[in-house]
1. Can you give the FRET efficiency to the nearest 0.05 for residue 148 and residue 172, using r as the Cβ-Cβ distance and R₀ = 41 Å?
2. Using r as the Cβ-Cβ distance of residue 155 and residue 89, and R0 as 35 Å, what FRET efficiency do you calculate, to the nearest 0.05?
3. Using the scaling law 2.2 N^0.38 Å as the reference, what is the normalised Cα Rg of segment 9-88?
4. Show me the ranking of peptides 12-19, 75-82 by mean Cβ neighbours inside 10 Å, starting with the highest.
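What follows draws every value from the coordinates through simple rules; no lab data is involved. Given the structure is predicted, the values throughout are model-derived calculations rather than measurements. Because the Cβ atoms are built from the backbone with ideal geometry, glycine has one as well, and the counts that use them run over all protein chains shown.
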């Protein structure tokens with residue numbers, strides 16, 4: 001966003017589309033960059049900026065009290081991004097809850113479930129299994145795993161990627177383990 005743009009608030013309030021377009025053209029890229037800073041998601045950032053500008057246009061009569069239009073826009077972007085992040089956290093917790101609920105409602109005994117997971121992990125090559133176990137069970141970062149096993153960071157990433165691909169494929173073959181599939185799917189997606 002440019003440091004300062006002169007905006008004729010009165011013309012904007014009266015619905016002057018040229019003033020609105022000028023504000024949009026000068027501010028859009030910087031505001032998307034700011035939204036990406038919060039969300040790490042370009043599509044979500046662009047949607048948020050569009051929503052903020054639509055709301056600005058729809059509520060332009062209320063702008064008389066606004067002293068700094070750019071500050072107002074940045075504040076609106078920040079709030080929308082934080083709301084999105086909060087919503088995503090709630091959805092992630094809900095997914096985790098549903099997975100745990102499904103597992104606890106499952107007819108299988110927990111020991112059987114754990115045994116199935118162990119059997120799948122044992123099908124992995126030893127080094128790949130070790131990397132995956134360090135990542136999941138020991139909650140180690142990729143850098144810590146690389147250092148501990150004296151392998152490169154890219155090798156760790158490759159092992160993790162291939163391990164998840166293998167596990168997904170194995171679980172697709174066994175329709176009786178959809179919960180396990182979901183657990184690994186979400187783990188890979190959000191790691």
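1. Efficiency, from the Cβ-Cβ distance: 0.85.
2. 0.65
3. Here the Cα radius of gyration is 1.08 times the empirical estimate.
4. So the order, starting with the most tightly packed, is 75-82, 12-19.
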